[in-house]
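Trainee: Once you've had a glance at the structure underneath, I'll fire off some questions.
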């Protein structure tokens, strides 16, 4: 499921982000500190350091202050090996970061008691002929403070705060190029060449999948040998990439960060030039970005004008002070526009917040912001422990309609603030049309639409089949999906709310249709292993269409679908028979990949020969 977030924490990465984290101090720290380096580069024994993160010295909880370094680990162990080892000895870490080549790991805990217990238990313990040692560890140096210190040492002058965010002396043209390179890195590459690169990347992924299938299911080797000869070392034919019908201004949802501009202007709404861990929080207006719609740019400009008239500061990811955090804009073909304002109240009184919302309402309904065309306005309060854009925060309706409505493949779809909907509507039509063609459906078919969002895939197929069953985590999206089915006059569609790994096995076991096809369109991390195991066990499920917004991240899912039967993985394996890329994200390296998997049929002579002696 590819809700590609042009997000606030990085250069508008067009990678899908449908499942966002909701805990600020540890999970924003994860963004800041996800590339931990060995102790020699700033992380080691506890001690004073002016460059450590400020939140470790404030009132906010972070497991970073309960952190240890385990040294002298055995060679060739993996993350799961270390976690199982710790659990076996009654140790429950909050997070584990393993450096297997250097044979050490950083481990954090939820409190000092658990940390001290772990240090006492593990220090001196022997594991695979290695005697482990444990020492306290400190957070990595804050990238922004570290960068300032380096600048000060290099230039011999004290850099001011605004110069850390960006210099006013940087030319506007240069900034436009920098932000284009950050959010749309292929903006200056001819579109045919973009498609060629994406086609090649998918081909590389399929070649890797071919090798992995061979490693995990020896019985498929004869079949793979034939496929590789026919398909350029791939396990299945790769059809030509399908281009996006539009290459400019195609995004119907964008998330804009609010911060200090790279030109020194305070309260700037746009995209960051870099990540916090890179030492920059500079924000650049989206005015010249090619993938953002003109409607969204109008909203950004109007909103920026509004917040500059208020006394409230922008939120600082460095100090955790300030208020304005993010603006999300959703647009559609029907010329409706939704704006969602993310605001950190800090210690403001309720009366002040209500006055702010009244001012927002007046500005966009009767004031200067009216021309921006907002038809639906929401306000989201964000606490110190929540990250911007999180999907589970309540949205307060401020003015206008509660939803916007999109048209896709001749159908109508209602979209709420948190609901998933593909960010490139014309290209989504190409994607869903391909899914419908590949599914080979008839009037006796049952379609299982997993991670269905607002029900777009299932609803687009409903008139061809007996029944559609959708599964979706977001309650708001499920309500939209139900309303969408009703609005399109469909009575053979039902939706279930919950985690796919919890709901899918029950739903699948209840289906008795002779022709069952599953369509899965999960977040970039892929499906939970429980869902894959349920799919493998359900022998009556013969066909699976996997829509991957990040095929590399979904590789383990692909492998598990095809691996040999075992005590853990029961049921006949699948094998890929068809693949195609659809470009939903022009000007970036990302695309959607469709893979059609079919169950190996033991009743046929060919398959029965290739599947003898399954591995245990």
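The values are calculated or read from the model by the stated rules, or taken from the named source; none is laboratory data. Predicted, not measured: the structure shown is a model, and the values here were computed from it. With ideal geometry, Cβ positions are generated from the backbone for all residues, glycine too; neighbour counts draw on all protein chains shown.
Trainee: Specify which of the listed residues (443, 429, 437, 479) is under 19 Å from residue 542 (Cα atoms) and in a helix (DSSP H, G or I). Show your work before the answer.
Mentor: Numbers: 443 fails: in a helix (DSSP H, G or I); 429 fails: under 19 Å from residue 542 (Cα atoms); 479 fails: under 19 Å from residue 542 (Cα atoms).
Exactly one of 443, 429, 437, 479 is under 19 Å from residue 542 (Cα atoms) and in a helix (DSSP H, G or I), namely 437.
Trainee: Could I ask something else about it? Cβ-Cβ under 6 Å, sequence separation 6+ or interchain: first residue in region 64-90 and under 17 Å from residue 133 (Cα atoms) and not assigned by TED's automatic domain parsing to the domain that holds residue 121, partner at pLDDT below 85 and not in a helix (DSSP H, G or I). Which pairs?
Mentor: none
Trainee: I want to confirm something. Restricting to region 462-503 and keeping residues that are over 24 Å from residue 393 (Cβ atoms) and in contact (Cβ under 8 Å) with a residue 40 or more places away in the chain, which single residue is surrounded by the most Cβ atoms within 10 Å (Cβ to Cβ)?
Mentor: Residue satisfying both the conditions and the ranking: 469.
Trainee: So, one more: Here's a check for you: in region 288-309, which residue that is in contact with a strand residue (DSSP E or B) (Cβ under 8 Å, 6 or more places away or on another chain) and assigned to a loop (DSSP other than H, G, I, E, B) is nearest to residue 272 (Cα to Cα)?
Mentor: Out of the qualifying residues, it is 289.
Trainee: Answer yes or no: is there a residue in region 497-506 that is in a loop (DSSP other than H, G, I, E, B) and under 28 Å from the mean Cα position of the chain (by Cα).
Mentor: Checked against the condition, which is being in a loop (DSSP other than H, G, I, E, B) and under 28 Å from the mean Cα position of the chain (by Cα), region 497-506 yields at least one hit.
Trainee: Could I ask something else about it? Give the residues of region 334-357 that are more than 16 Å from residue 298 (Cα to Cα) and either surrounded by 12 or more Cβ atoms within 10 Å (Cβ to Cβ) or in contact (Cβ under 8 Å) with a residue 60 or more places away in the chain (or both), sorted by residue number.
Mentor: 334, 342, 343, 344, 345, 346, 348, 352, 353, 355, 356, 357
Trainee: Give region 239-266 a look and list any residue that's over 18 Å from residue 290 (Cβ atoms), crowded, with 19+ Cβ neighbours inside 10 Å and in contact with a helix residue (DSSP H, G or I) (Cβ under 6 Å, 6 or more places away or on another chain), or say none.
Mentor: 241, 242, 260, 262
Trainee: Another one. Take the residues in region 376-392 that are modelled with pLDDT of 75 or more and surrounded by fewer than 19 Cβ atoms within 10 Å (Cβ to Cβ), then tell me which one is nearest to residue 334 (Cα to Cα).
Mentor: Taking region 376-392 as the starting set, the residues that turn out to be modelled with pLDDT of 75 or more are 376-383.
Filter once more, keeping what is surrounded by fewer than 19 Cβ atoms within 10 Å (Cβ to Cβ): 381, 383.
Values: 381: 29, 383: 34 Å.
Of everything passing the filter in region 376-392, 381 is nearest to residue 334 (Cα to Cα).
Trainee: What are the residue pairs meeting all of these: first residue in region 550-574, first residue farther than 16 Å from residue 221 by Cα and outside the structural domain of residue 216 (by TED's automatic domain parsing), second residue crowded, with 21+ Cβ neighbours inside 10 Å and modelled with pLDDT of 95 or more, Cβ atoms under 7 Å, and 6 or more apart or on different chains?
Mentor: none
Trainee: Test residue 257 against the criterion of being farther than 21 Å from residue 177 by Cα, in contact with a strand residue (DSSP E or B) (Cβ under 6 Å, 6 or more places away or on another chain) and either touching a residue at least 40 places away in the same chain (Cβ under 8 Å) or in a loop (DSSP other than H, G, I, E, B) (or both), and give yes or no.
Mentor: It is false that residue 257 is farther than 21 Å from residue 177 by Cα, in contact with a strand residue (DSSP E or B) (Cβ under 6 Å, 6 or more places away or on another chain) and either touching a residue at least 40 places away in the same chain (Cβ under 8 Å) or in a loop (DSSP other than H, G, I, E, B) (or both).
Trainee: Right, here's the next one. Can you name every residue in region 504-529 that is without any contact (Cβ under 8 Å) to a residue 40 or more places away in the chain and buried (at least 18 other Cβ atoms within 10 Å of the Cβ)?
Mentor: As a first pass, look at region 504-529 and keep what is without any contact (Cβ under 8 Å) to a residue 40 or more places away in the chain: 505-506, 509-510, 512, 526, 528-529.
Result: 526, single match.
Trainee: From the list 550, 556, pick out the single residue that is modelled with pLDDT under 95, surrounded by fewer than 21 Cβ atoms within 10 Å (Cβ to Cβ), part of a helix (DSSP H, G or I) and under 18 Å from the mean Cα position of the chain (by Cα). Before the answer, list the steps.
Mentor: Working: 550 fails: part of a helix (DSSP H, G or I).
Going through 550, 556 in turn, the sole match is 556.
Yes/no matrix, rows are residues, columns are (1) at pLDDT below 95; (2) out of contact with any strand residue (DSSP E or B) (no Cβ under 8 Å at 6 or more places or on another chain); (3) surrounded by 17 or more Cβ atoms within 10 Å (Cβ to Cβ):
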{"position": "178", "(1), (2), (3)": "yes, no, yes"}
{"position": "181", "(1), (2), (3)": "yes, yes, no"}
{"position": "188", "(1), (2), (3)": "yes, yes, no"}
{"position": "191", "(1), (2), (3)": "no, yes, no"}
{"position": "195", "(1), (2), (3)": "no, yes, yes"}
{"position": "199", "(1), (2), (3)": "no, no, yes"}
{"position": "209", "(1), (2), (3)": "no, no, yes"}
